[in-house]
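Here the structure is laid out as structure tokens; the discussion comes afterwards.
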Amino acid sequence: MMRNRRGGRFAATSRKIIFVSLFLVLFCFALTAHAAEEGAAADEWATEIFKWINFAIVLGVIVWVFAKVLPPKFRSNAEKISSAITDATAAKAAADLQLREAETKLANLQKEVAELRAFAGREGASEAERLRALAQSDAQKIFLAANAEIEAAERAARLELKAIAAKLAVDGAETLLAKQLTPQTQESLVSSFVKSLEGRPN
């Protein structure tokens, strides 16, 4: 609407200029007619007046051309500028919306990071506790296994010691018997054995 008013004002101004130019032309004609009556000095004056008339006509034509050609150009430029301003406003609104969305996502991201850190802390503490309990359980199992192994080794050592002691006792007894069993003793033992067999009922 503002553009229409400007175009109307420009057209009204150009019409006024055209009317003034025509008035000047008529005025110059009147002066020329008056100068023609005056004579030779008037020839120079008439030449000067015709120059002004030509100038007024050319100026009127130029103003008329500008009045016809320039308003649509100005209107087209104004529409382009207005369209660019509208596009820029829409782009700014879209950018502001994206900025707000990005700020919201960033705030949510910071919350999520804080929650993940807290969760990781809790999980780390529970995992450390689980590993500590597992290590204690493994240590206890190792301790029990070591005790069982020590007891088994102790039992094996005792049995081996008993076997060694029995062997030594047998060896000692054999040695002692070998020393004490003379051929006479052997004969007496055999005869007493035979007698004991004879005395038994069949």
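The HN-Hα couplings worked out from phi for segment 130-138 by the Karplus form 6.51 cos²θ - 1.76 cosθ + 1.60 (θ = phi - 60°) are 5, 5, 5, 5, 5, 5, 4, 4, 5 Hz, whole numbers, x standing for Gly and Pro.
Taking K and R as +1 and D and E as -1, what net charge do the other residues with C-beta under 13 Å from the C-beta of Glu154 add up to? Computed value for this residue: 0.
The numbers here are math on the coordinates, done by the rules we state, and not lab data. It should be emphasised that the depicted structure is a prediction, and the values quoted were computed from it without experimental measurement. Glycine gets a Cβ as well: all are built from the backbone with ideal geometry, and neighbour counts include every protein chain shown.
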